[in-house]
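A.B. asks: Before I ask anything, let me first share the structure, which is written out below as structure tokens.
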Amino acid sequence: MTTLPIVIHGNPVLHRRAEPVTAFDDTLAELIDNMYETQELSHGVGLAAPQVGVGLRLFTYKFDNDDGVPPLGVVINPVLTLGKISSADPDPDEEEEGCLSFPGYGFPLKRAEWVGVRGLDAQGQPLEFEATGWFARVMQHETDHLDGKLYVNRLNKKWTAKAKKVIKREGWTVEGNSWLPGVDPDPFGH
């Protein structure tokens, strides 16, 4: 397996809708294996293909959950059904998200506490499950990547202003920024 560089905010592949997966072949299997390896070395709970520069609709995840879903998996061409999202301000202590493509920072964000997930597995077979709590958050976060959004695109006004300052300070407005898990320093200090 190969560890893949994780692209950072500003790379165009992160800011456009990914294409559906249509070929379930050795190339896809290799990409999935490499994404698992990269996710493991980055200590991430999820990794979407656009985050490794591939504009396809799939993500891997690793998250222990109470929903009866295997803690390690891949979802291809996902479709989510969202529960209600509260209009209250997010709790900065309980609802902070981070992102491997916005490394080293976290901001609070409201998400649905329940999602229904439909998609395909690595062999192209249908899968369907429900996710709750933080597992639901992971599903929403990774699916957002496939729609050309990072979690910082969903922040409220207060936190958007803070995120924009980070983007400017870090120079994350242009293509070409990335980090390599297992080689570059861990931006989250794991």
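A.B. asks: If you bin the C-alpha pair distances of the range 7-111 every 10 Å from 0, what whole percents do you get?
C.D. replies: Over the range 7-111, the share of Cα pairs per 10 Å bin runs 13, 38, 39, 9, 1 percent.
A.B. asks: Dipole size in debye (nearest 20) for the range 1-144 around its Cα centre, Lys and Arg Cβ +1, Asp and Glu Cβ -1?
C.D. replies: Numbers: 9 positive and 23 negative charges, 111 e Å.
Rounded to the nearest 20 debye, it is 540 debye.
A.B. asks: Length gain on complete extension for the stretch Leu180 to Lys157, per 0.36 nm per residue less the alpha carbon to alpha carbon distance?
C.D. replies: Numbers: separation 23, 0.36 × 23 = 8.28 nm, distance 3.14 nm.
That works out to 5.1 nm of additional length.
A.B. asks: Taking H as built 1.01 Å from N, whose amide H comes closer than 5 Å to the amide H of Phe107, not counting residues under 5 places away?
C.D. replies: Glu97
A.B. asks: So with the 1.4 Å probe, I'd like the accessible area per residue for the chain, rounded to whole Å².
C.D. replies: Details: 9550 Å² over 190 residues.
Counting only protein heavy atoms, the per-residue value for the chain is 50 Å².
A.B. asks: Please provide three numbers in whole Å: the alpha-carbon extents of the range 24-81 along the principal axes, with the largest listed first.
C.D. replies: Here the spans come out as 32, 28, 19 Å, largest first.
A.B. asks: Here's another thing I want to ask about it. Place a point 7 Å from the Cα of Arg17 along the Cα-to-Cβ direction; which residues of the range 150-188 have their backbone N under 20 Å from it?
C.D. replies: Correct set: 150-154.
A.B. asks: Counting helices only, and only those DSSP H runs with n ≥ 4, report the 222 nm mean residue ellipticity of the chain as the sum of -39,500 (n - 2.57) divided by its residues, in deg cm²/dmol to the nearest 500. Spell out each step's value before the answer.
C.D. replies: Details: 3 runs with 45 residues, N = 190.
That comes out to -8000 deg cm²/dmol.
A.B. asks: R0 = 25 Å: FRET efficiency of Phe188 with Asp66, Cβ-based, nearest 0.05? If you can, show how the numbers build up before the last one.
C.D. replies: Values: r = 24 Å, r/R0 = 0.98.
For R0 = 25 Å, the calculated efficiency reads 0.55.
A.B. asks: Another one. For the chain, give the percent of accessible area contributed by carbon and sulfur heavy atoms, probe 1.4 Å, rounded to a whole number. All intermediate terms of the calculation are to be shown ahead of the outcome.
C.D. replies: On the way: 4770 of 9550 Å².
The computed percentage sits at 50.
A.B. asks: Pull out the extension gain between Phe24 and Thr132, defined as 0.36 nm times the separation in residues minus the alpha carbon to alpha carbon distance; nm, one decimal. Intermediate results must be reported in sequence, preceding the final value.
C.D. replies: Working: separation 108, 0.36 × 108 = 38.88 nm, distance 2.87 nm.
Result: 36.0 nm gained on full extension.
A.B. asks: Just the Cα atoms of the chain, one point each, no solvent: what log10 I(q)/I(0) does Debye give at q = 0.10 Å⁻¹?
C.D. replies: Reported log10 I(q)/I(0), two decimals: -0.37.
A.B. asks: Over the alpha carbons of the range 82-190, what is the largest minus smallest coordinate on each principal axis, giving the biggest first in Å?
C.D. replies: Cα spread of the range 82-190 along its principal axes, largest to smallest: 42, 37, 26 Å.
The values are calculated or read from the model by the stated rules, or taken from the named source; none is laboratory data. Model, not experiment: these values are computed from the prediction. Cβ sites come from the backbone with ideal geometry, for glycine too, and all protein chains shown count toward neighbours. For the accessible areas, the whole protein counts, side chains as well, though only heavy atoms, and no ligand, DNA or RNA atoms are used. Shrake-Rupley method; radii C 1.70, N 1.55, O 1.52, S 1.80 Å.
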